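Visitor: Mind having a look at this structure? Questions to follow.
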Amino acid sequence: MTAPVFSPASGAPLAGREVVIVGGGSGIGLEVARRAVAGGARVTLGGRGADRLAAAAESLGERARWHVVDTTDQESLAAFFAGVDRVDHLFTPAASYRVGPMRELSDSDAESPFVSKFWGQYHTVKHAAAKLTPDASVVLMAGAASVRPPAAAPAYVACNAAIEGLGRGLAVELAPVRVNVVSPGTVDGNLWAGRPDRVREESFAQYGRDALLGRVGTEAEIADAVLFLFTSTFTTGSTLYPDGGYALR
Ligand SMILES: NC(=O)c1ccc[n+]([C@@H]2O[C@H](COP(=O)([O-])OP(=O)(O)OC[C@H]3O[C@@H](n4cnc5c(N)ncnc54)[C@H](OP(=O)(O)O)[C@@H]3O)[C@@H](O)[C@H]2O)c1
């Protein structure tokens, strides 16, 4: 698939930049990788599954490489970033977790969004920090459930809100490195393809009723928002909501 070349009028060009996408072997991360490569960047993909990463990198061509990493394991993160010379742009969509009501989930399932999505991204940025160039940017992954819970999933809602706060906190600590957060609504893509048909169809239909634009998003639309945050040279500490107006209704 050919991705459009992102060429902002005033932002920083991507040509020659080193882009690291932890969670880049599929979904939104892989869409971001396609755009970055099309814009002339070199891309390093991280994730747990070697086969998935190898296939993704092959589809991207010679400016892509990959290493296995598990963001819940700090030794793994240290080894991953030891193999990276510099980081101009970092995107961290890697996460796997359980979502559900407080009264139904086990404690370990309830804690899984924080373990994987919050602390996974926190530790990823921590291990990347020494490799970030002065004009680097970081984009964290949250989710619009932070501001409008779609169902009973309080720990997941709180986790996404915490990631938005983490982005603001890291923007202060890491300046002049820019740190921003993308907080998408529901996306028709790899993550939802792995869920049961009935759950997916009902959730997408409900989202269509709830969002101003009447539909779920695409991975490409979220990737465009991430590329904007990579290249928007006066934007830091912000959260962008590509959610079709879900949070407003
Ligand atoms: N899709 C949506 O509707 C939506 C909406 C809002 C927010 N989000 C957020 O977007 C992120 C998922 O992105 P996606 O939708 O593009 O789904 P995805 O295709 O499942 O992407 C997640 C990637 O992260 C990797 N990963 C998972 N756990 C990991 C870990 N511990 N260490 C390293 N890599 C890990 C996975 O590969 P391996 O399994 O091989 O490691 C996979 O390639 C999540 O944070 C999710 O909350 C998604």
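The values are calculated or read from the model by the stated rules, or taken from the named source; none is laboratory data. Worth saying up front: this structure is predicted, and the values here are computed from it rather than measured. We place every Cβ from the backbone using ideal geometry, glycine too, and count neighbours over all the protein chains shown.
Visitor: So in the range 86-99, with the set limited to residues that are part of a loop (DSSP other than H, G, I, E, B) and in contact with an Asp or Glu (Cβ under 7 Å, 6 or more places away or on another chain), which one is surrounded by the fewest Cβ atoms within 10 Å (Cβ to Cβ)?
Guide: Let us first name the residues in the range 86-99 that are part of a loop (DSSP other than H, G, I, E, B), namely 86, 93-99.
So of that shortlist, the ones also in contact with an Asp or Glu (Cβ under 7 Å, 6 or more places away or on another chain) come out as 86, 98.
Values: 86: 12, 98: 16.
Across the range 86-99, the extreme among qualifying residues is 86.
Visitor: Are there any pairs with C-beta distances below 6 angstrom linking a residue in the range 95-116 that is within 22 Å of residue 22 (Cα to Cα) and of a type in the set (Ser, Thr, Tyr) to a residue that is more than 10 Å from the ligand (Cβ to nearest atom) and in a loop (DSSP other than H, G, I, E, B), with the two at least 6 apart or on different chains, and if so which?
Guide: Close Cβ pairs satisfying both conditions: 112/98.
Visitor: Within the range 167-188, identify whether any single residue is surrounded by fewer than 19 Cβ atoms within 10 Å (Cβ to Cβ), in contact with a Gly (Cβ under 6 Å, 6 or more places away or on another chain), at pLDDT 95 or above and not aliphatic (A, V, I, L, M), and answer yes or no.
Guide: yes
Visitor: What number of residues in the range 22-68 are assigned to a strand (DSSP E or B) and either within 12 Å of the ligand (Cβ to nearest atom) or in contact with a Leu (Cβ under 6 Å, 6 or more places away or on another chain) (or both)? Break it down stepwise before answering.
Guide: In the first step, residues of the range 22-68 are kept if they are assigned to a strand (DSSP E or B); the result is 22, 42-47, 64-68.
Imposing the further condition that a residue be either within 12 Å of the ligand (Cβ to nearest atom) or in contact with a Leu (Cβ under 6 Å, 6 or more places away or on another chain) (or both) reduces the set to 22, 45-47, 66-68.
Residues flagged as assigned to a strand (DSSP E or B) and either within 12 Å of the ligand (Cβ to nearest atom) or in contact with a Leu (Cβ under 6 Å, 6 or more places away or on another chain) (or both) within the range 22-68 amount to 7.
Visitor: While we're looking at this one, here's another question. Kindly list the number of the only condition in (1) part of a strand (DSSP E or B); (2) away from the ligand (no atom under 14 Å from the Cβ); (3) in contact with a helix residue (DSSP H, G or I) (Cβ under 9 Å, 6 or more places away or on another chain); (4) over 21 Å from residue 80 (Cβ atoms) that fails for residue 138.
Guide: (4)
Visitor: Can you tell me which residue in the range 208-249 is farthest from residue 150 (Cα to Cα), limited to those that are surrounded by fewer than 18 Cβ atoms within 10 Å (Cβ to Cβ) and of a type in the set (S, T, N, Q)?
Guide: 233
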